[in-house]
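This report refers to the structure that appears directly beneath it.
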């Protein structure tokens, strides 16, 4: 303990070193004792665990960001990735549910909030259609635009399905006044987003591996 105190005192005397410590405090420990930044669409009567800071329930059909308990009627975001498909246990004990995970950065307000969203059921088709629409920019010539560099507006819509009414997500690729996609032009932000692709990508793979392992144990308990 004495040695630790002496080391801390030495660090405090070097302002540049103090700044480096503070600036990199989270490096490598982003997921230690932290809650997964889940984004979901709140559905009255179904999303019973979602609560705003004052204890009230989010608005039906609004986006709910679990980590900060914030709700958004719409979201402006950069989509970082769409995962490989996997199957796992769903709500109400449903087995072998088809899932994909979508990651992104919310840019509505101050700061950039990373998110992970489980996409299942009726929400999948619109995400797939978005992927097809984005692909023409990702593969464009002479300049290919990374998916994460596009600006995307997310809204919700309630539709009728054979299982009843359900909320789905609409994806709009934001277009600027010149008719071109609104993209990231700041080099620092571009690098930040690129780094987040890798960071959240590792998180997603860990989630999928854990979900697939759990599902295998349920389906084949004696294997």
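A few notes on this one:
- Globularity ratio of the range 113-157, using Cα Rg and 2.2 N^0.38 Å: 1.32
- D_trans [Stokes-Einstein, Kirkwood Rh over alpha-carbon pairs] for the range 35-219, 4 °C, 1.567 mPa s, µm² s⁻¹: 74
- Gain in span if fully extended, residue 133 to residue 14, counting 0.36 nm per residue against the direct Cα distance: 37.7 nm
Taken together, the values in this text are just the output of simple stated rules run on the coordinates, not laboratory data. Every value quoted in this text rests on a predicted model; they were computed, and no experiment measured them.
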